[in-house]
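Asks: Here you go, one structure.
Each value in this text was obtained by applying a stated rule to the coordinates, not by laboratory testing. Keep in mind that what you see is a predicted model, and the values were worked out from it rather than measured. Because the Cβ atoms are built from the backbone with ideal geometry, glycine has one as well, and the counts that use them run over all protein chains shown.
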4 protein chains.
Amino acid sequence: MRPEPRGEDDKRGGRTGRPRDEAVQRALIGAATDLLRERGYRALSMEGVAARAGVAKQSVYRRWPSKGALLVDIYMEGMGEESLPAASGHGVIADFRAYLGQTVERLKDVAWANTLRSLVAEAQNDPDLAALMVERVVEPRRQAGRHIVAQAIAAGELSPDFDVETVLDFVFGAIWYRLLLGHAAVTTEFVERMLRQLFPAPVLPRRTKG
Amino acid sequence: MRPEPRGEDDKRGGRTGRPRDEAVQRALIGAATDLLRERGYRALSMEGVAARAGVAKQSVYRRWPSKGALLVDIYMEGMGEESLPAASGHGVIADFRAYLGQTVERLKDVAWANTLRSLVAEAQNDPDLAALMVERVVEPRRQAGRHIVAQAIAAGELSPDFDVETVLDFVFGAIWYRLLLGHAAVTTEFVERMLRQLFPAPVLPRRTKG
Amino acid sequence: MRPEPRGEDDKRGGRTGRPRDEAVQRALIGAATDLLRERGYRALSMEGVAARAGVAKQSVYRRWPSKGALLVDIYMEGMGEESLPAASGHGVIADFRAYLGQTVERLKDVAWANTLRSLVAEAQNDPDLAALMVERVVEPRRQAGRHIVAQAIAAGELSPDFDVETVLDFVFGAIWYRLLLGHAAVTTEFVERMLRQLFPAPVLPRRTKG
Amino acid sequence: MRPEPRGEDDKRGGRTGRPRDEAVQRALIGAATDLLRERGYRALSMEGVAARAGVAKQSVYRRWPSKGALLVDIYMEGMGEESLPAASGHGVIADFRAYLGQTVERLKDVAWANTLRSLVAEAQNDPDLAALMVERVVEPRRQAGRHIVAQAIAAGELSPDFDVETVLDFVFGAIWYRLLLGHAAVTTEFVERMLRQLFPAPVLPRRTKG
DNA sequence: CCGTAAACGAGACGGTACGTCCTGTCTTCTA
DNA sequence: TAGAAGACAGGACGTACCGTCTCGTTTACGG
């Protein structure tokens, strides 16, 4: 008796036919995560994921056109909703420490690290994925960083012409660099060194930049 | 990347049989470079390179055990010998500008950019390649950076406890980050912004460089 | 091929629920015929027929459990009711000529020829279909042939021990043989040659075989 | 030291590279034959044959572009070299009896019967296969029949205007018809009936059929 | 006129097979 | 030995259909 489209939290925006099975979705993401954890990116094939999840291959392709798209969803799953960080009241350094510390923490999970490494590898093949990744992975994290800096500027902690974009390129660049090239580990101690380099001790009464 | 370390200046340490054909080597590296330029990493298969070079597949495997090893050789080929930069006499900023500028310049070549992107992608699958890449690609460039900083410290331009390693993570990290994720281009202007962030204007009456 | 034998002249033997839509039936048979005509047996998939008819796949399976069953119905549709031929009064040869001529005529329609070819192909996989085909396709045609021969025997044109079954194997065999193997066309001229071979001119004293 | 192409019974007409492995060939044909015998045409997939033979799928496609081409080779294998039958000295009927009897004999082997049925089914999809089949399967058998008739004509047993082609359509048509439609078995007794129909007893003065 | 029950469109689902591409190894012949 | 050629086992790709199954909606009929 309800001719109108449907309720607002409707999962199936006017779609007809049998709905996607949530269990299949979960099984697939679970299988993919397991494979990434146990055997790495190399072992992550669409075929293998389907087999491990006990699901038809078509059910994978129905959801994700490519391995990369699947990886983005695994990323989103593990990331939860990105929300802008509230001001801690302990200053910009503390805010950044929390912000980057969270990333470092997550990277301790092999599956998570492999997910990110795989995403980058896959994106080198696939411009669409690269774009998607910027939108879903890169930008949200940067946005949080911009928010922290904006709060600090408002609080008079940082100069209004603080070059956020470059600083974000520095910190995320450094983290990705270590993650992907592996010349050094991504640790909490590393975060501290980055923070010291970016926000040198005020030293004298006078501070760095007026 | 030679399959077996031969004697120093001896090209064929006592080996018997027909010598390797230099032309084959050149044809292969040329074919691989062309494929990277024209069709990207995705199209770079051992099979495809051999076919394009008009060479037997075995002749590829005889030289490089894997795609990654081939990529490293393409890198070395395009890079030439890495040599430590001489002091320019124009200060650390100028030295860094030249140093990073060279990298940015090279990246304008699509084939070159694709080579680096491919190397990283490949290394995510292949720990041996990752290690080799650190040794041949990452470290030599960092070493040059360390050299510049050491000269600047000796000249009294920088404090002896300047954190070179973190700064190098910043600059190379940022460049790789932009190259691999593609959220922004790697330009000369970007190098300038990095330099300004790392070496802020002295602020006081006296100007930076004596 | 109805899924369940309903009451005699009752279209919906006591059933409740929404009745089958005749238009769907027609659309399906039309779509299947078109596909057979235009793209042959290979393109005849249950999925494709449904799609072409703009009908749900389930609506196909509701009517026919298999491709073969559908083909039998297409055959029946195109064949109409098989009725025993009346004596023409022009003799057994004329009767046979009309009888086989009708078959040859129909085979000029590509869709029809493809229907028969498809039926045979499908029956090689499906014993049930083979049996059904004998019942609905093979036997009715043979029955008509037997009838003609019986009339001829009654009229004294043929000997009572004329071997109808073998003759029917000859004529239908030859037609199917040419249709399926394609080494020669099924033409009216071919019918004439068959008739001449089966019913040699009574000739004069001298006969074929010395 | 032999620059010229190679000996005349050379299996590899100037081909270079690793030669095809005979064992692979045998394994494949064996596997296909077994599948046809045990599970019929329906179970005959390129994939399944490869798996059963313990061979890579590519090794199947390297030899045969399609299931049909494989079937033709299985046919050839089982058929051996078709040679024109020598005159038996017992007359045309005896010759035909031997000739058709051989076919009937072979059809007692399920694998063989399934091979022929599959070939016809497959040919309905594939015009190239149909042509190949006429060339390799249909025509050689007909040729043998023509030869028998030619001998009989030479011996004065048959009239020079005996319509061989139609007779061959009759006998092979009837055999295929029974094989494919299955309304009756292909037996030696059936061959006798065909022979009686084609070559009625020479008749003495008195009545048509002995 | 209201409930039951089937038909209908849509499309998800577990499967099987398709035909192609690539990997890394091998075998053969020729230089 | 190198090199051209190409076979080989194996694995994954992405697609097409199979026959079955849920959905939400529509259409008869029988109470």
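Asks: Can you tell me the order of D:141-149, C:118-126 when each peptide is scored by its average per-residue count of other Cβ atoms within 10 angstrom, highest first? Each step should come with its number before you reach the end.
Replies: Numbers: D:141-149: 18.1, C:118-126: 23.2.
Peptide ranking by packing, descending: C:118-126, D:141-149.
Asks: Report the equivalent ellipsoid semi-axes for chain A in whole Å, largest first, defined as the square roots of five times the eigenvalues of the gyration tensor built from alpha carbon atoms.
Replies: On the way: eigenvalues 300, 106, 35 Å².
Semi-axes, largest first: 39, 23, 13 Å.
Asks: Roughly what angle does helix D:91-107 make with the longest principal axis of chain D, taking Cα atoms, 0 to 90 degrees, to the nearest 10?
Replies: Result, in degrees: 40.
Asks: Quote the charge dipole size of the protein assembly as shown about the Cα centre in Debye, to the nearest 20; the model charges only the Cβ of Lys and Arg (+1) and of Asp and Glu (-1). All intermediate terms of the calculation are to be shown ahead of the outcome.
Replies: Values: 120 positive and 112 negative charges, 28 e Å.
Once rounded to the nearest 20, the dipole reads 140 debye.
Asks: Calculate the mean, over all residues of peptide D:161-174, of how many other protein chain Cβ atoms lie within 10 angstrom of the residue's Cβ. Show your work: numbers first, answer last.
Replies: On the way: counts 1, 3, 5, 0, 5, 10, 3, 3, 13, 11, 5, 5, 14, 11.
Per-residue shielding by partner chains comes out at 6.
Asks: Longer than 24 Å from Cα to Cα, which of B:Lys57/D:Lys57; A:Lys67/B:Lys67; A:Lys67/B:Lys108; C:Lys67/D:Lys67 are they? Say none if no pair is. If you can, show how the numbers build up before the last one.
Replies: Details: B:Lys57/D:Lys57 21 Å; A:Lys67/B:Lys67 21 Å; A:Lys67/B:Lys108 29 Å; C:Lys67/D:Lys67 21 Å.
As for pairs spanning more than 24 Å Cα to Cα, those are A:Lys67/B:Lys108.
Asks: GNM, chain D, Cα, under 10 Å: largest mean-square fluctuation among D:Ser66, D:Ser45, D:Ser159?
Replies: Between D:Ser66, D:Ser45, D:Ser159, it is D:Ser159 that shows the largest mean-square fluctuation.
Asks: Okay, moving on. If you line up the long axis of helix A:188-198 against the longest principal axis of chain A, both from Cα atoms, how many degrees apart are they, to the nearest 10?
Replies: So the inclination is approximately 50 degrees.
Asks: Who wins for biggest fluctuation among C:Asp128, C:Asp73, C:Asp95 in a Gaussian network model of chain C, springs between alpha carbons below 10 Å?
Replies: Per the Cα network of chain C with a 10 Å cutoff, C:Asp128 tops the list.
Asks: Please report the base-10 log of the normalised intensity I(q)/I(0) for the range D:76-184, using a Debye sum with one equal scatterer per alpha carbon and no solvent, at each q in 0.21, 0.23 (1/Å).
Replies: Debye output, listed in q order: -1.25, -1.41.
Asks: Something else about it: In debye, nearest 20, what is the charge dipole magnitude of the range D:1-160 about its Cα centre with +1 on Lys and Arg Cβ and -1 on Asp and Glu Cβ, if you could check? Could the numbers behind the result be given before it?
Replies: Details: 24 positive and 22 negative charges, 113 e Å.
So the dipole magnitude of the range D:1-160 works out to roughly 540 debye.
Asks: How big, on average over all directions, is the shadow cast by the Cα convex hull of the range B:64-123, in nm²?
Replies: Over every viewing direction, the Cα hull of the range B:64-123 projects on average to 4.8 nm².
Asks: With the Cα gyration tensor of the range C:126-185 giving a ≥ b ≥ c as the square roots of its eigenvalues, does the rule (a/c under 1.5 for rounded; else a/b larger than b/c for prolate; else oblate) give rounded, prolate or oblate?
Replies: Values: a/c = 3.15, a/b = 1.59, b/c = 1.98.
Oblate shape, in that a/c is at least 1.5 and b/c is the bigger or equal ratio.
Asks: Separate question: For helix A:67-79, report the angle its Cα long axis makes with the longest principal axis of the Cα atoms of chain A; keep it between 0 and 90° and round to the nearest 10°.
Replies: So the helix axis and the longest Cα principal axis differ by about 60 degrees.
Asks: Calculate the mean, over all residues of peptide D:190-201, of how many other protein chain Cβ atoms lie within 10 angstrom of the residue's Cβ. List each step's numbers first, then the result.
Replies: On the way: counts 3, 0, 1, 4, 5, 1, 2, 8, 4, 2, 4, 1.
Mean partner-chain Cβ count within 10 Å for D:190-201: 3.
Asks: Which FRET efficiency value, to the nearest 0.05, is calculated for C:Thr188 and A:Glu82 with the Förster distance at 51 angstrom and r the Cβ-Cβ distance? Provide the component values of the computation, followed by the final result.
Replies: Values: r = 79 Å, r/R0 = 1.54.
Working from the Cβ atoms, E equals 0.05.
Asks: Then there is this: Where does the charge balance sit around A:Arg136 when Lys and Arg score +1, Asp and Glu -1, over other residues with C-beta under 11 Å from its C-beta?
Replies: Numbers: positive: A:Arg141; negative: A:Asp73, A:Glu82, A:Glu135, A:Glu139.
Once all neighbours under 11 Å are counted, the net charge is -3.
Asks: Let me ask something else about it. Return the tail of the calculated pair distribution for the protein assembly as shown, meaning the percent of Cα-Cα pairs more than 52 Å apart. Show your work: numbers first, answer last.
Replies: Values: 159177 of 352380 pairs.
In whole percent, the long-distance tail amounts to 45.
Asks: Defining the label point at 7 Å along Cα→Cβ, can you sort the distances from A:Pro140 to the same site in each other copy, shortest first, in nm?
Replies: 4.0, 6.5, 6.7
Asks: Calculate the length of the line joining the C-alpha centroid of the range D:22-83 to that of the range A:89-122, in whole Å.
Replies: Computed from Cα coordinates, the inter-centre distance equals 56 Å.
Asks: Given the options D:Pro127, D:Pro140, D:Pro200, state which has the largest fluctuation in a GNM of chain D using a 10 Å cut-off (strictly under) for Cα springs.
Replies: D:Pro200
Asks: Tell me what chain A gives for mean residue ellipticity at 222 nm when only DSSP H runs of n ≥ 4 count, each as -39,500 (n - 2.57), the sum divided by the residue total, rounded to 500 deg cm²/dmol. Before the final figure, lay out the partial values.
Replies: Details: 10 runs with 129 residues, N = 210.
Helix contribution divided over all residues of chain A: -19500 deg cm²/dmol.
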